[in-house]
């Protein structure tokens, strides 16, 4: 009972600190379909400041609804120029058939970490790639496989954010049912033994459930 009350109080405190003030800057989209690889959609971006410009990494779909991750930059955060070619296209077996989707980006110690969904037409799995220039990406593979353990029976896993925690890169990951957390310790990524609390963006608090161990990879 005391634990439940404590969780409720923490959630109320976290939610009280969230203040969002948003307004439209124009009546037109900042990105629109254009190139063949982005002919049917440009959406779901992640943004970062890079060399004085605003850069968007975004999901784009072609006529067959295959997804790629494109790059666009802007000097004012409103008028964007799309790079002619995507920066990440489906190449690995876990990406062929569906593509690369849902980019999420964070910069830690000189390296950009990109979490994205690799979809092969059946399994939607959380993947990782790294870069120093946002153009050339080094795939690290699947870091949360689909259909592993009791916490992720339906497959899809999407990274919502990633941050530095106690000297390690970490992030809250959402599955089809419950969230979990991943922590980078040295050169490996793995799910620590939950249950745990995850502190997310804007101090939001999530109660995490037990997760199956993730495959360790070289970072």
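Results for (1) surrounded by 13 or more Cβ atoms within 10 Å (Cβ to Cβ); (2) over 21 Å from residue 41 (Cα atoms); (3) more than 14 Å from the chain's Cα centre (by Cα), shown as yes or no for each residue.
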site: 75; (1), (2), (3): no, yes, yes
site: 107; (1), (2), (3): yes, yes, no
site: 117; (1), (2), (3): yes, no, no
site: 120; (1), (2), (3): yes, no, yes
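Taking the stated definitions as given, is residue 86 out of contact with any strand residue (DSSP E or B) (no Cβ under 8 Å at 6 or more places or on another chain), assigned to a loop (DSSP other than H, G, I, E, B) and modelled with pLDDT of 95 or more?
On the way: out of contact with any strand residue (DSSP E or B) (no Cβ under 8 Å at 6 or more places or on another chain): no; assigned to a loop (DSSP other than H, G, I, E, B): yes; modelled with pLDDT of 95 or more: yes.
No.
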| field | region 108-131 residues that are at positive phi and free of Cβ contacts under 8 Å to residues at least 24 places away in the same chain, paired with ones that are surrounded by fewer than 21 Cβ atoms within 10 Å (Cβ to Cβ) and not in a strand (DSSP E or B) (beta carbon under 8 Å, 6 or more apart) | value | 110/132
| query | Is there a residue in region 42-65 that is within 21 Å of the chain's Cα centre (by Cα), at positive phi, in a strand (DSSP E or B) and in contact (Cβ under 8 Å) with a residue 40 or more places away in the chain? | reply | yes
| query | Quick one: which of 19, 30 is out of contact with any strand residue (DSSP E or B) (no Cβ under 6 Å at 6 or more places or on another chain) and surrounded by 17 or more Cβ atoms within 10 Å (Cβ to Cβ)? | reply | 30
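Each row is one residue, and each column tells you yes or no for (1) under 17 Å from residue 88 (Cα atoms); (2) modelled with pLDDT of 85 or more.
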| residue | (1), (2) |
| --- | --- |
| 4 | no, no |
| 8 | no, no |
| 11 | no, no |
| 15 | no, no |
| 18 | no, no |
| 31 | no, yes |
| 41 | yes, yes |
| Name the residues in region 45-83 that are modelled with pLDDT under 95 and over 20 Å from residue 133 (Cα atoms), would you? | 78, 79
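The values are calculated or read from the model by the stated rules, or taken from the named source; none is laboratory data. Quick caveat, the model's predicted, so the values are computed rather than measured. Reconstructed Cβ throughout: ideal geometry from the backbone, glycine too, with neighbour counts over all protein chains shown.
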